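Nothing in this text is a laboratory measurement; each read-out follows from the coordinates by a stated rule. Small disclaimer: the values here were computed from a predicted structure and weren't measured. When we count neighbours, we look across all protein chains shown, and the Cβ atoms used for this are built from the backbone with ideal geometry, even at glycine.
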């Protein structure tokens with residue numbers, strides 16, 4: 001299979017963009033109608049870009065673990081994925097991101113819980129696109145266009 005075939009989506013790709021709304025304030029948009037407020041840490045009611053990166057990672061982990069957990073625990077199980085990691089401001093990057101998946105496995109015996117955790121970790125490693133991208137790194141290409 002060629003690289004092009006792997007990258008071709010089966011559905012039209014969602015268009016994403018951010019639009020400046022003020023000094024260090026932006027609104028992120030999706031062609032599916034979603035919006036998110038983005039800004040610097042000193043602005044109330046917004047996410048920083050770094051926070052959005054962390055939330056994307058946590059959400060991907062949660063969504064990737066959803067199928068095996070719901071199969072074993074039922075569709076109404078509760079889960080929280082916490083993510084943290086301070087920025088290295090001298091070099092402007094996040095050297096480490098720590099995630100904690102909180103889920104109640106008390107209804108399972110120890111052996112069943114351990115087996116489920118192995119399946120969950122495998123699922124996350126296999127299908128969490130955000131986590132896989134962060135771990136492997138991605139080439140980022142920037143083009144600047146002017147009217």
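Structure summary
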read-out	value
Failed condition for residue 76, given (1) over 24 Å from residue 125 (Cβ atoms); (2) touching a residue at least 12 places away in the same chain (Cβ under 8 Å); (3) surrounded by fewer than 17 Cβ atoms within 10 Å (Cβ to Cβ)	(2)
Checking residue 92 against (1) surrounded by 10 or more Cβ atoms within 10 Å (Cβ to Cβ); (2) on the phi > 0 side of the Ramachandran plot, the condition it does not meet	(1)
Search result, residues across the stretch 99-115 that are touching a strand residue (DSSP E or B) at 6+ places or on another chain (Cβ under 9 Å) and surrounded by 10 or more Cβ atoms within 10 Å (Cβ to Cβ)	99, 100, 101, 103, 104
